[in-house]
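Chemist: Quick one: structure below, then a few questions.
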Amino acid sequence: MTATTTKPILGDESADAGGPSNVMLLGIDLGTSRSSVVSMGGARKIVESYVGYPKDPVARKMLGADVLYGKHALDHRLSLDLYRPLAKGVIKTEEHDKNLEAVRHLVRRLVELAEPGREQLVYGVVGVPAEASVENKKAIIEATEGILDAVMIVSEPFSVAYGLERMDQALIVDIGAGTTDLVRMHGTVPTPEDQVSMELAGDAVDEKLLELIQAEYPDAQVTIHMCKRFKEKYGFVSESNTKIEVEMPVNGTPVMHDITALLKKACSTLVNPIVDAIHKLVASFDPDFQEKLRHNVLLSGGGGLLDGLNKRVEDGMQRIGGGKVVVVEDPQFAGAEGALQLALDMPADYWQQLK
């Protein structure tokens, strides 16, 4: 966790700011593809991680807004300068200033969706990839200044484990769009040696599916956005016999295409790397506890929703002695829910106040 403080913020010392009743606590999962927020007031919202700005006055008049977010921005992308500002869970380095501003707008939108009171201070715990650098974390903190009054940065798989109260001898696999992050829990805050982050995740599956479709159906007109939709609606790695046909235009005419085998092949690219990363964390763990760790593997994140993934990972783990893999309940909110629980539990000196 990243934690610095200038004074206590949730105890009696904060009475000058209205005390705890004047604070809204948020758990935020800033994701490459989707970002989520949960609040102590019960808000649970997801926004696709797109921010768009009208290209010209005509677009501004048509859209009636200076900034568009999420699916609304994606649907109007031809009229916008569109940003997907997070890559592999951190702020993109190219066009850094523009992407930083887009992340600021995204954070502001998430806070708005949580509907804090006019006089409330807003403190947020923000999840980032397991191996995010100090510079990445500082950039996220910078993006929250002026929007959050205090912030704490945590690794996303750690926040998942915390929210599930699986803090001892469990292995979390959090599959996002930009990264797949793993952390082994053993009753304390994980160290860098307890964590693995891979850039093979949902975006890589989309890119592989695009490559396979273009090779199989060279006349089909297909985009990466279409591949993402196909994966999210139909993605699987199980032994399903269901035929998957999707509509893609050929020279402007809609035509149905069978992508069953292609989709399974693209989604299956996740399996062996995840098994290898699990093996790495198990093999370097105390041998007295390796057996329990292998039988307490939890899948979270959007990738955890792929049909049959937990069973395929279990099958792959047979070569390392077997194991048990389960999908967490509500995987798309697990990180944000855990971040909120951290916000509720952490003492004042774990927070960084923002001006």
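Chemist: What are the residues in segment 82-103 that are of a type in the set (A, V, I, L, M), at pLDDT 95 or above and assigned to a strand (DSSP E or B), if any?
Modeler: L82
Chemist: Additional query: Of the residues A277, A283, only one is open to solvent by less than 10 Å² (accessible area, probe 1.4 Å) and within 18 Å of S197 (Cβ to Cβ); which? Before the answer, list the steps.
Modeler: Numbers: A283 fails: open to solvent by less than 10 Å² (accessible area, probe 1.4 Å).
Among A277, A283, only A277 is open to solvent by less than 10 Å² (accessible area, probe 1.4 Å) and within 18 Å of S197 (Cβ to Cβ).
Chemist: Determine which single condition E314 fails, assuming it passes every other condition in (1) in contact with a strand residue (DSSP E or B) (Cβ under 9 Å, 6 or more places away or on another chain); (2) closer than 18 Å to A161 by Cβ.
Modeler: Checking E314 against (1) in contact with a strand residue (DSSP E or B) (Cβ under 9 Å, 6 or more places away or on another chain); (2) closer than 18 Å to A161 by Cβ, the one that fails is (2).
Chemist: State whether the residues of segment 251-266 include one that is part of a loop (DSSP other than H, G, I, E, B), within 26 Å of the chain's Cα centre (by Cα), touching a residue at least 60 places away in the same chain (Cβ under 8 Å) and buried (at least 17 other Cβ atoms within 10 Å of the Cβ).
Modeler: The first filter runs over segment 251-266 and keeps only residues part of a loop (DSSP other than H, G, I, E, B), leaving 251-252, 259.
Filter again for within 26 Å of the chain's Cα centre (by Cα), leaving none.
Among the residues of segment 251-266, not one is part of a loop (DSSP other than H, G, I, E, B), within 26 Å of the chain's Cα centre (by Cα), touching a residue at least 60 places away in the same chain (Cβ under 8 Å) and buried (at least 17 other Cβ atoms within 10 Å of the Cβ), which makes the answer no.
Chemist: Within segment 36-66, which residues are in contact with a Leu (Cβ under 7 Å, 6 or more places away or on another chain) and in a loop (DSSP other than H, G, I, E, B)?
Modeler: If the condition is that a residue be in contact with a Leu (Cβ under 7 Å, 6 or more places away or on another chain) and in a loop (DSSP other than H, G, I, E, B), then M40, A43, S49, Y50, K55 are the ones that fit.
Chemist: Please enumerate the residues belonging to segment 115-161 that are touching a strand residue (DSSP E or B) at 6+ places or on another chain (Cβ under 6 Å), over 16 Å from G176 (Cα atoms) and among the hydroxyl-bearing types (S, T, Y).
Modeler: Listed by number, the residues that qualify are Y123, T144.
Chemist: Among the residues that make up segment 33-45, is at least one of them touching a residue at least 24 places away in the same chain (Cβ under 8 Å), within 30 Å of V196 (Cβ to Cβ), in contact with a Lys or Arg (Cβ under 8 Å, 6 or more places away or on another chain) and of a type in the set (V, I, T)?
Modeler: Within segment 33-45 (the criterion being touching a residue at least 24 places away in the same chain (Cβ under 8 Å), within 30 Å of V196 (Cβ to Cβ), in contact with a Lys or Arg (Cβ under 8 Å, 6 or more places away or on another chain) and of a type in the set (V, I, T)), the answer is yes, since at least one residue qualifies.
Chemist: Is there a residue being surrounded by fewer than 24 Cβ atoms within 10 Å (Cβ to Cβ), more than 19 Å from the chain's Cα centre (by Cα) and part of a helix (DSSP H, G or I) anywhere in segment 113-128?
Modeler: Checked against the condition, which is being surrounded by fewer than 24 Cβ atoms within 10 Å (Cβ to Cβ), more than 19 Å from the chain's Cα centre (by Cα) and part of a helix (DSSP H, G or I), segment 113-128 yields no hits at all.
Chemist: If you don't mind, another one. Given the criteria open to solvent by less than 50 Å² (accessible area, probe 1.4 Å), of a type outside the set (D, E) and modelled with pLDDT of 95 or more, does S79 qualify?
Modeler: Considered against the rule, which asks whether it is open to solvent by less than 50 Å² (accessible area, probe 1.4 Å), of a type outside the set (D, E) and modelled with pLDDT of 95 or more, S79 comes out as yes.
Chemist: Going through segment 296-338 one residue at a time, which ones are within 16 Å of K233 (Cα to Cα) and not in a helix (DSSP H, G or I)?
Modeler: G301, L306, D307, G308
The values are calculated or read from the model by the stated rules, or taken from the named source; none is laboratory data. Remember, predicted model here, so these are calculated numbers, not experimental data. Positions of Cβ are backbone-derived with ideal geometry, glycine not excepted, and every protein chain shown enters the neighbour counts. All accessible areas refer to the heavy atoms of the entire protein, side chains included, with ligands and DNA or RNA removed. Shrake-Rupley method; radii C 1.70, N 1.55, O 1.52, S 1.80 Å.
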